[in-house]
Amino acid sequence: MEYLDSFYSGLINILPFSTQGQSSFLFMLLGISIGFVVGLLPGLGGATTLALMLPFIYKMDPTTAFAFLLGSNAVTATTGDITSVLFGVPGEGITAATIVDGHPMAKKGEAGRALGAALMSSLVGAVFGAFALALAIPLVKPLVLSIGAAEFFMLAIVGITFVASLSGRNIFKGLTAGALGLVLAMVGLDPIESVPRFTLEPILGEGGGLFLWDGVALVAVTVGLFAIPEIVDLAVQEGAIAKQNVGKLGGVWQGVKDTFIHWKLVLRCSAIGAYIGLLPGLGGGPAQWIAYAHAVQSSPDKERFGKGAIEGVLGPGAANNSKEGGSLVPTIAFGVPGSVSMAILLGAFIIQGIVPGPDLLDPDKYLTLTFSFVWIIVVSNIITVAVCFLFLNQIAKITFVKGTYLIPFLLLLVYLGGFAVKNSFGDMAMVLLFGTLGWFMVRFDWQRPPLLIGLVLGNIAESNLFIASKIYGLSWLIRPGVILLFLLLLSGILYPLYQNYREKQKKIAARLDATQKPRSETTEEIPKRTRLYNSLFALFFVLIFAYVLREVFFGFGEDEDRAALFPLIIGIPGLILALSAFGKEVFTTTKVVTDDEVPSWEEPDVEPDVARQRMISIIMWTLGFFFSIWFVGFIYSSVIATFLYLKVGGREPWLMSIFLTIVAWLFFYGLFDYMLHLPFPDGQLQIWLGWA
Amino acid sequence: MMKRCLTLLTLVVVLALAAGASTAALGEEFYKGKTIRFIVGFSPGGGYDTYTRAAARHISKYIPGNPVPIVQNMTGAGSLIAANYIAKRAKPDGLTVGVWNGAYVLQQVLGDRKVKFRGDQIGWVGAPVKGFPTCAVMGYTGLKRIQDVMKSGKRIKIGATRAGGTTHDLPVILNRTLGTNFDVITGYSGTATIRIAMQKREVDGACWGWESMSVTARAMLDAKGDDRLIPILTHDDANDPEIKHLPQVADLIKGEDNLATFRAWVAQYAFQRPLSLPPGTPKARLNTLRKAYAATLKDPQFLAEAKKSKLIIKYVSGPEIEKHVATLLATPAKAKEALQFLVRKKKKKK
């Protein structure tokens, strides 16, 4: 009964019907507006913003303080999805998975539908996560402590395999990309003895080598991998992001309906998000990808994914919000923050003089406050989603805006996203590098998500494998949790195979059934040149794994057995997988084309010559923006590079070029520099001239 | 002639003073509208992070120009990444302040090639606290005192990050000098994850600074029975009744060489969680930050907060740290040799 009383008072304390509630509600609204903008902009992370908000809470009572902070933090994942869907640029690191299917939907002219689905599933996810938090409170301990180092390792492997096995026709490519992700995670100092690995010091010199000591930054890779290919594509195709107008079907309400049509999936993905959220140490990244993998795996028709399948938006949309409630659990119960944002919230607890732990679960002390957390997450998401829906059809129209107008903004934001990681140009270069890789991967039909999940989970897998084997020896292999996860892993691989088999049986049955119109299946020869390029790109992966093994046997591994162990464990299967993928590219001479293949959107035919010209042009501009930012800094670039692109590159009229340039300047100077004090570096020119 | 010389001298002095004054004025201008970044080498929620965020919240008002403070975590390899970043890569402009394990000063002395700097190259701003390295074990082990641990034939697993951090080095040192039999499990990302591991009973205990343990492990220290975290031995006087009764490591160690080894190792704890500036930072800015930091640690609001959150404050000034570092750099050869096991050796000859 006490429990229910607290639950009720927790809500009353944040609604504007009492004096206490009024102040909470007001500051929650303020927090929400901040989180709203932060979520939308790729350059700004939720955690940094929280850190900046922290000093304002001294004079607040606990409920108001958390309404302010948590309100802000709870909505970043929701509005981050919007940027991901519209531009293919992740608004937040935790909303990258929404791009994979959300952005293709925008291209099909279904931006409204994708946004509707993303927002609605976010809301469901947030509410689910919040109530999971409420329910978890009595049994929080066993839940958090349910999983040890051995299980963490298995969980990481299951996550990677699930995502990697999604790659439809060519599982070798998917697994190879996953292994490459793991290798990228090994770059830098190893997590146990801090031996530098794969820091390329002989090539990059000491400075570059030291830069890589920090490892490869996830945000830079994500932004590069997904955003750069989209920008190139947008320029080559010309026109707007949306290639066709599908009218009502693309509307917001359709997306809302989709959420409820697939309600089971949305709930399952919310559960995945909440559980992963409450495991301290996994952070915000994996939840969205594992949810995405689940969405693909539970669908009978995997071919649709990556081309704008609504389930691919609903899954991660729900999970990246439900994890918020989940990740509050270890913070509240143990004072162990699951993510950076939670660590800052922990600072807020300390300021408020609250010791995380049993006090927060005690009805005589802070239980009411704990339940207020639940309600803050729920209410702030309801408000955000409601506000979004008011404007959503308008927001979606941006996908019908001419691409030329958007490209300078996108390029600046993409580079800003990379720069903001560590405020360094190195990560901007990473964006460019992984942009190139991403573009090739799209072109040669390699899946990008496995690479990302490998990068996210690599370190977790390595250090937990080490801890588990140190503590349990080999006996960690027979822990019940490990066996359970292993069975899950097997089912994850076998179930799709079984599904394929059944589909084939169906096809045969259909063929025997003479009344049904036979599917026309034609074999088409792959042009020699395409095969050559395909094979060359696969060879690139082979070379990378060969290099990894070279380092293991003749490089740092000569002196450092421990640090070389994980690279060896990953390098050998990686090499075998890459060779298999390579072999498949070399020896596959024909492909089967079926009529009933999922129709992708009509790509307007661009003459090959024109396409090549535009491609060279956009690549030059992409490099040009990079150079410009390095040379004169972000603020001047927002003026100079934007204007040059519009006037010279886009041949836009003077008035339009000047107008958009002013908008860009206001945006970058006014918002990032003047209002937010983002530490923009001075350009080289200013340094040479001594203005800096 | 004499007079002219004197006039000239006066002129020079006046000019120099004027230049100095204008530099000071420039210093004031310098921080205006800028962001000052605190790079913490450990994961959020641990002791380094807690202390730094607390000070960062208040330091701005004591720096002329009131820059915006931002705390960033650059985790990895027991904060060596952050340490080398500060020493090698951060701009020496007084806008980047590093907070990392001062143990790397000793590591470098012992010849660890991965530490890319000498302790006397760093600009030491000050430290909030001295270190009170303390070991604690979980209640379920049935061990209540260090004597129990020494007598126990059981395998006692101690959670740790990596060589060079207190969590790893102290139990190893105790194994060498005191004769304990700790099994040190490395690879955890910070004390936050070690705390969870202890509650999972994945490891049985851990060693780290009381100044952090008393805050971040509060709930565990207050728990009852099997779930209670019990401190069993400590170093230096934290002036805290909670651990006042505990045996001191230095009192327990037998043998002169063992003691000398321990003392050389423990010297670094005279300045803990220090704030550092990259080599070559202008002296004026170092002084500005030293003054600001000293004032911050006396700030009533800061102290109130520190008290609220049970942060122990024992201010150590920049010049004092410089002295300690100089002593560390002069560690006698014998102690150096005895501590060589802290530095990884090449296993194979090339």
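The values are calculated or read from the model by the stated rules, or taken from the named source; none is laboratory data. Just so you know, these numbers come straight off a predicted model, no measurement behind them. Because the Cβ atoms are built from the backbone with ideal geometry, glycine has one as well, and the counts that use them run over all protein chains shown. When the accessible area is computed, the model is the full protein with side chains, heavy atoms only, and any ligands, DNA or RNA have been set aside. Shrake-Rupley method; radii C 1.70, N 1.55, O 1.52, S 1.80 Å.
Pick out, in residue order, every one of the trypsin sites (Lys or Arg not before Pro) in region B:157-211 that is DSSP loop and has at most 15 other C-beta atoms within 10 Å; say none if there are none.
Counting only loop positions with at most 15 other Cβ atoms within 10 Å, the trypsin sites (Lys or Arg not before Pro) in region B:157-211 are B:Lys200, B:Arg201.
Mind checking A:324-337 for the average number of partner chain beta-carbons within 10 Å of each residue's beta-carbon?
Averaged over the peptide's residues, the number is 3.
Can you list the residues, at least 5 places off or on another chain, whose amide H is less than 5 Å from the amide H of B:Val125, using H built in the peptide plane?
B:Leu275, B:Ser276, B:Leu277
Would you mind giving the total buried accessible surface between chains B and A, with a 1.4 Å probe and ligands, DNA and RNA left out, rounded to the nearest 100 Å²?
About 4500 Å² of accessible surface is lost on pairing.
For region A:291-446, what does the accessible surface come to per residue with a 1.4 Å probe? Please give it in Å².
Averaged over the residues of region A:291-446, the accessible area is 27 Å².
Rounded to the nearest 10 Å², what accessible area does B:Asp120 show when all protein chains are kept and the probe is 1.4 Å?
90
Does any residue of region B:76-122 lose at least 20 Å² of accessible area with all protein chains in place compared with its chain alone, and if so which ones (probe 1.4 Å)?
B:Ala77, B:Ile81, B:Asn84, B:Lys88, B:Arg89, B:Lys114, B:Lys116
In whole Å, what is the distance between the alpha-carbon centres of region A:391-453 and region A:352-388?
Their Cα centres are 35 Å away from one another.
Can you tally the net charge around A:Asp101? Count Lys and Arg as +1, Asp and Glu as -1, for every other residue whose Cβ sits under 14 Å from the Cβ of A:Asp101.
Surrounding charge for A:Asp101 is 0.
Once the cut-off is 24 Å, how many percent of the Cα-Cα pairs in region B:40-171 end up in the long-distance tail?
Percentage above 24 Å: 41.
To the nearest 0.05, how large is the calculated FRET efficiency for A:Ile576 and B:Ala295 if R₀ is 60 Å and r is the Cβ-Cβ distance?
0.45
Remind me, relative contact order of chain A in percent, using alpha carbon pairs under 8 angstrom and six or more residues apart?
21
Looking at the protein assembly as shown, what % of the alpha carbon pairs are farther apart than 50 Å?
Considering the protein assembly as shown, 23 percent of its Cα-Cα pairs are separated by more than 50 Å.
Straight distance only, please: which aspartates and glutamates reach the Cα of A:Lys107 with their own Cα at less than 16 Å, same-chain residues fewer than 8 apart left out?
The qualifying aspartates and glutamates are A:Asp81, A:Glu230, A:Asp233, A:Glu238, A:Glu602, A:Glu603, A:Asp605.
Students often check this: by mean Cβ neighbours within 10 Å, which of B:79-87, B:63-71, A:10-18, A:264-272 ranks highest, and how do the rest follow?
For the peptides B:79-87, B:63-71, A:10-18, A:264-272, the packing ranking is B:79-87, A:264-272, B:63-71, A:10-18.
How well do other chains shield peptide A:213-220, expressed as the mean number of their Cβ atoms within 10 Å of each residue Cβ?
3
Give the cross-link partners of A:Lys584 among the aspartates and glutamates, using a straight C-alpha distance below 20 Å as the criterion and excluding same-chain residues fewer than 8 apart.
A:Glu303, A:Asp445, A:Glu524, A:Glu525
Taking H placed 1.01 Å from N in the peptide plane, check which residues at least 5 places from B:Ile232 or on another chain put their amide H under 5 Å from its amide H.
Placed amide hydrogens put B:Cys135, B:Ala136, B:Val137 under 5 Å from B:Ile232.
Tell me, what is the 1.4 Å probe accessible area of A:Tyr533, in Å² to the nearest 10?
Rounded to the nearest 10, the figure is 110 Å².
Can you order the peptides A:324-332, B:286-294 by their average number of other Cβ atoms within 10 Å per residue, highest first?
Top of the packing list down: A:324-332, B:286-294.
Could you order peptides A:457-470, A:646-659, A:297-310 by the average number of other Cβ atoms within 10 Å of their residues, highest first?
Final packing ranking: A:457-470, A:297-310, A:646-659.
Ignoring ligands, DNA and RNA, what percent of the 1.4 Å accessible area of the protein assembly as shown is carbon and sulfur?
64
Quick one: which residues, 5 or more positions from A:Ala240 or on another chain, have an amide H under 5 Å from its amide H? H modelled 1.01 Å from N in the peptide plane, none for Pro or chain starts.
A:Gly403
Can you tell me the relative contact order of chain B? Whole percent, Cα pairs under 8 Å, sequence separation 6 or more.
So the answer I get is 26 percent.
Strictly over 26 Å apart at the Cα level, which of A:Lys264/A:Lys323; A:Lys59/B:Lys298; B:Lys200/B:Lys244 would you flag in this model?
Long pairs (Cα-Cα over 26 Å): B:Lys200/B:Lys244.
Which shape class, rounded, prolate or oblate, goes with region A:2-509 when its Cα gyration tensor gives a ≥ b ≥ c as root eigenvalues, a/c under 1.5 marks rounded, and past that a/b bigger than b/c marks prolate?
rounded
So what is the relative contact order of region B:229-278, in percent, for Cα pairs below 8 Å that sit 6 or more residues apart?
This gives 25 percent for region B:229-278.
Quick check: with the 1.4 Å probe, what order do B:Tyr48, A:Tyr674 take by accessible area, largest first?
Largest accessible area first, the residues go A:Tyr674, B:Tyr48.
Would region A:106-154 count as rounded, prolate or oblate if I go by the C-alpha gyration tensor, calling it rounded below 1.5 in a/c and otherwise prolate when a/b exceeds b/c, oblate otherwise?
The shape class here is oblate.
So for the pair A:Asp559, A:Leu30, with labels modelled 7 Å out along Cα→Cβ, what separation do we get in nm?
Modelled inter-label distance: 5.5 nm.
What figure, in Å² to the nearest 10, do you get for the accessible area of A:Trp621 with a 1.4 Å probe and non-protein molecules left out?
Per-residue accessible area (A:Trp621): approximately 50 Å².
In terms of the Cα gyration tensor, with a ≥ b ≥ c the square roots of its eigenvalues, is region A:609-689 rounded because a/c is under 1.5, prolate because a/b exceeds b/c, or oblate?
Oblate.
Over the whole of B:177-189, what's the average partner chain Cβ count within 10 Å per residue? Rounded to a whole number, please.
Other-chain Cβ atoms within 10 Å of each residue's Cβ, averaged: 3.
Kindly state, to the nearest 0.05, the FRET efficiency for A:Leu135 paired with B:Lys200, given R0 = 25 Å and r defined as their beta-carbon distance.
The computed FRET efficiency comes out at 0.70.
Would you mind checking the pairs B:Lys91/B:Lys130; B:Lys130/B:Lys157; B:Lys34/B:Lys307; A:Lys302/A:Lys528; B:Lys91/B:Lys116 and listing those with alpha carbons more than 19 angstrom apart?
Table pairs above 19 Å Cα-Cα are B:Lys91/B:Lys130; B:Lys130/B:Lys157; B:Lys34/B:Lys307; A:Lys302/A:Lys528.
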